[in-house]
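The structure appears below as C-alpha cells.
Values in this text are rule-based calculations from the coordinates and carry no lab data. Since the model is a prediction, treat every value here as computed from it, not as a measurement. Note that we place each Cβ from the backbone using ideal geometry, even for glycine, and neighbour counts take in every protein chain shown.
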Amino acid sequence: MDRYIVVAGNIGSGKTSLVDYLSRRYPLRPVFEPNEANPYLEDFYRDMKRWSFHSQVFFLIRKYRLHREMERETASVIQDRSIYEDAEIFARNLYRSRKMSKRDFATYWELYETFREDLRPPDVLIYLHCSVRALRRRIRARGRPMEQGLPSRYLRRLNELYESWIGDYDLSPVIRIPTDRMDYVTDLLDRHAVLKAIEEYLS
C-alpha cells in the first residue's frame, strides 16, 4: 500500500460521499464500510444489548481482514471508517451505555489490541465533525430503514467519544473538517475548501 488515508466521522457525517468523490478525483482505491455483509446488524438495531457483542466482533474481524488486504495493495487506499473507530467509538459507547457487558467488552478489547499491534497506521486521518441536528437530517434523507430509529442521545454520545478520541489520537496527522453546512459533492466552493485542506496529502 502506497498511501493509506482514513475518513473518520459519525453516522451521517459525509464519509462515504467524500471517499467516493476523492477516489474518483485521485488514484485512490476506495474501501467502504462492510455494513451490508454484517448478518447481525438488523438484529442489533432491534435489540442492541442482545446483539452488540456479536455485531462488533463481526465488524472487528472484517475490518482486520480488510486492513491486511489493503496493506498488500500497491496503490494508495482511502477508507470509509477504520478499525480504530469500531473499537474506540462504537464498542466503547456500547459498553458505557450498558449495551455490552463488562465481560464481553474485556474480551472484545483484548482482541482489538491484539489486532492493532499488527496493523500499519494511516498516513493521514480526515475527521468529519457534524452536529447531531445535521446528522439526523442526513440520516432521514438517505433513508436507511435500520438507522431511522437512532435516538439523538445515541448520536450525541458518539460525537463526544469522537471528540475525545481525536483529542488523544497520535497515529498520523489529522485534518478536521466541519461538515454541517458543507456539500462537497455538488457545491464548487465547498469542494475547493475541502481539497485545499487535504490536497497536500493526496497529490
Qualifying GluC sites (Glu not before Pro) for the range 65-137 [loop in DSSP, other Cβ within 10 Å: at most 15]: Glu73, Glu117
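Taking the Cβ of Tyr95 as the centre, find all other residues whose Cβ is under 9 Å away and add up their charges (Lys, Arg: +1; Asp, Glu: -1). Could you put the intermediate results ahead of the total?
Numbers: positive: Arg92, Arg96, Arg98, Lys99, Lys102; negative: Asp104.
After counting each charged neighbour, the total is +4.
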Segment Glu163-Met1, extension gain: residue separation times 0.36 nm, minus the distance between their alpha carbons: 55.5 nm
Label-to-label distance, nm, for residues given as Arg103 and Glu71 (7 Å Cα→Cβ offset): 3.2
Selected from Thr179, Tyr162, Val77, residue furthest toward positive end of dipole (the range 24-180; charges at beta carbon): Thr179
Note, ³J(HN,Hα) from phi for the range 13-19, Karplus 6.51, -1.76, 1.60, rounded to Hz, x at Gly and Pro: 7, x, 4, 4, 4, 5, 4
For the range 1-22 and the range 24-76, distance of Cα centres in Å: 13
Radius of gyration and Dmax over the Cα atoms of the range 25-120, both given in Å: 14.2, 45
Lysine pairs with alpha-carbon atoms under 23 Å apart, the chain, spacing 8 or more or separate chains: 7
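Output the Kirkwood hydrodynamic radius of the chain, Cα pairs only, in Å rounded to one decimal.
Answer for the chain: a Kirkwood hydrodynamic radius of 17.5 Å.
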